[in-house]
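Right, one structure below, let's go through it.
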Amino acid sequence: MFLTLVLFRKGIPGRQWIGKHRRPRVVTWQMKRNTLQQLEREAENEFWLSRSYMNSEQERGHAAARREQTWTNIKAQRCAKFPQHKYVSEHLDHLNTTRTWS
């Protein structure tokens, strides 16, 4: 007999799986297994994160060269998309098609 049947006598009002007065879920062995696996995974992650690979002196500035190389690659890609420089004479060159006095 469910606790909600005792409390409400006629059953669960509304939908039985949602709301304030909902039917309690049965905890299965799969749920326990999944929870244990998740806790073990978190413990292992915490273990590896607590042991650093480099000390603080080695860690300071260790990625500066990689960041600079990445930034130069980004700048080169932006410059490749930029059109070549043109002079004003090249822009206005189409006006010289009817010039007859030169």
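Every number here is computed from the coordinates shown, using simple stated rules; none is lab data. Every value quoted in this text rests on a predicted model; they were computed, and no experiment measured them. When we count neighbours, we look across all protein chains shown, and the Cβ atoms used for this are built from the backbone with ideal geometry, even at glycine.
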Multiply the residue separation of GLN16 and CYS79 by 0.36 nm, subtract the distance between their alpha-carbon atoms, and state the gained length in nm to one decimal. 16.5 nm
Specify the angular offset, from 0 to 90 degrees and rounded to the nearest 10, of the alpha carbon long axis of helix 64-81 from the longest principal axis of the alpha carbons in the chain. 60 degrees
Which of GLY19, GLN84, ASN34 sits closest to the plus end of the dipole of the chain, meaning its Cα is farthest towards the positive end, when Lys and Arg get +1 and Asp and Glu get -1 on the C-beta? GLY19
Give me the compactness ratio for the chain, meaning the Cα radius of gyration over 2.2 N^0.38 Å. 2.81
Given all pairs of distinct Cα atoms, the stretch 57-98 yields a Kirkwood Rh in Å of 14.1 Å
Loop chymotrypsin sites (Phe, Trp or Tyr not before Pro), the stretch 32-102 (other Cβ atoms within 10 Å of the site Cβ: 11 or fewer; DSSP): TYR53, TYR87, TRP101
Between helix 29-50 and the chain, what is the angle of the helix's C-alpha long axis to the longest principal axis, kept within 0 to 90° and rounded to the nearest 10? 50 degrees
